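Scroll down for the structure; my scribbles are underneath it.
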Ligand SMILES: Cc1cc2nc3c(=O)[nH]c(=O)nc-3n(C[C@H](O)[C@H](O)[C@H](O)COP(=O)(O)O)c2cc1C
């Protein structure tokens with residue numbers, strides 16, 4: 001059951017806001033790769049009150065061409081992004097999960113980020129609810145450069161008025177063959193405690 005501070009969903013419902021914390025995890029690594037395994041392990045360790053879904057980003061999402069048609073109307077593309085934007089609209093917390101590739105997020109993940117330009121241009125496409133954002137990464141090396149991911153995902157959080165939560169990275173997945181499953185469970189505890197702490201401090 002966990003302590004009141006761990007039962008984040010219950011804490012929030014006491015304040016009358018929402019019943020459970022809906023968490024969206026966007027996974028942008030290889031299908032069934034280490035990043036996806038990290039996500040599954042993270043979800044398996046979530047405490048009561050968290051309703052999580054993992055979306056594996058497909059490589060069929062069109063790249064934003066910068067046509068700016070979304071300034072006045074809908075995005076010209078209709079693909080998996082419609083579902084992803086709908087899921088983000090309903091989410092209280094969003095975690096971007098990505099492998100580190102050339103020091104940044106995967107290109108699939110960046111494609112998703114860029115396609116949010118249609119929401120940036122039309123903020124009414126996202127309901128005005130409180131959202132927490134973070135990222136979790138896997139990295140082949142022991143000493144990855146996380147600065148580009150921090151900049152990109154944190155900028156996204158700021159752009160959509162979110163609250164930033166400390167990110168996490170499993171290092172050495174190639175160099176040392178580190179299995180991300182164990183560390184991901186620790187991060188689930190850390191992440192939910194952080195969100196719970198922010199909510200408690202505000203009440
Ligand atoms: C194109 C590419 C670029 C990569 N660049 C980096 C890098 O800059 N730093 C690093 O630590 N690992 C790098 N890696 C290793 C991946 O981060 C690592 O293998 C990751 O755990 C793979 O996750 P996945 O199985 O979910 O795709 C790279 C891998 C690929 C395929």
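The values are calculated or read from the model by the stated rules, or taken from the named source; none is laboratory data. Computed from a prediction, not measured in an experiment: that's the story for all the values here. Cβ coordinates were reconstructed from backbone atoms using ideal geometry, including for glycine residues, and neighbour counts include every protein chain displayed.
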**Asked** Residues of the stretch 93-127 being touching a helix residue (DSSP H, G or I) at 6+ places or on another chain (Cβ under 9 Å) and at pLDDT below 95, which ones?
**Response** 122, 125, 126, 127
**Request:** Would you mention how many residues in the stretch 44-71 are within 29 Å of residue 117 (Cβ to Cβ) and part of a helix (DSSP H, G or I)?
**Result:** 3
**Item:** Pick from the stretch 129-174, criterion assigned to a helix (DSSP H, G or I) and farther than 19 Å from residue 25 by Cα, ranking: farthest from the ligand (Cβ to nearest atom)
**Value:** 147
**Every pair of residues 6+ apart whose Cβ atoms lie under 7 Å, when the first sits in the stretch 142-158 and is under 19 Å from residue 120 (Cα atoms) while the second is assigned to a helix (DSSP H, G or I)** = 152/113; 156/113
**Asked** Are any residues in the stretch 97-128 surrounded by 17 or more Cβ atoms within 10 Å (Cβ to Cβ) and not in a helix (DSSP H, G or I), and if so, which ones?
**Response** 97, 98, 99, 100, 101, 104, 105, 106, 116, 126
**Item:** Failed item, numbered, when residue 178 is tested on (1) in a helix (DSSP H, G or I); (2) more than 20 Å from residue 93 (Cβ to Cβ)
**Value:** (1)
**Asked** Taking the condition within 16 Å of the ligand (Cβ to nearest atom) and farther than 20 Å from residue 199 by Cβ, does residue 112 pass?
**Response** yes
**Prompt:** How many residues are more than 10 Å from residue 95 (Cβ to Cβ) and crowded, with 24+ Cβ neighbours inside 10 Å when one looks only at the stretch 20-37?
**Reply:** 4
**Request:** Tell me which of these residue 62 doesn't satisfy, since it passes every other one: (1) over 15 Å from residue 135 (Cβ atoms); (2) touching a helix residue (DSSP H, G or I) at 6+ places or on another chain (Cβ under 7 Å); (3) more than 13 Å from the ligand (Cβ to nearest atom); (4) at pLDDT 95 or above.
**Result:** (2)
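Within the stretch 29-43, track down each residue that is modelled with pLDDT under 95 and assigned to a helix (DSSP H, G or I).
none
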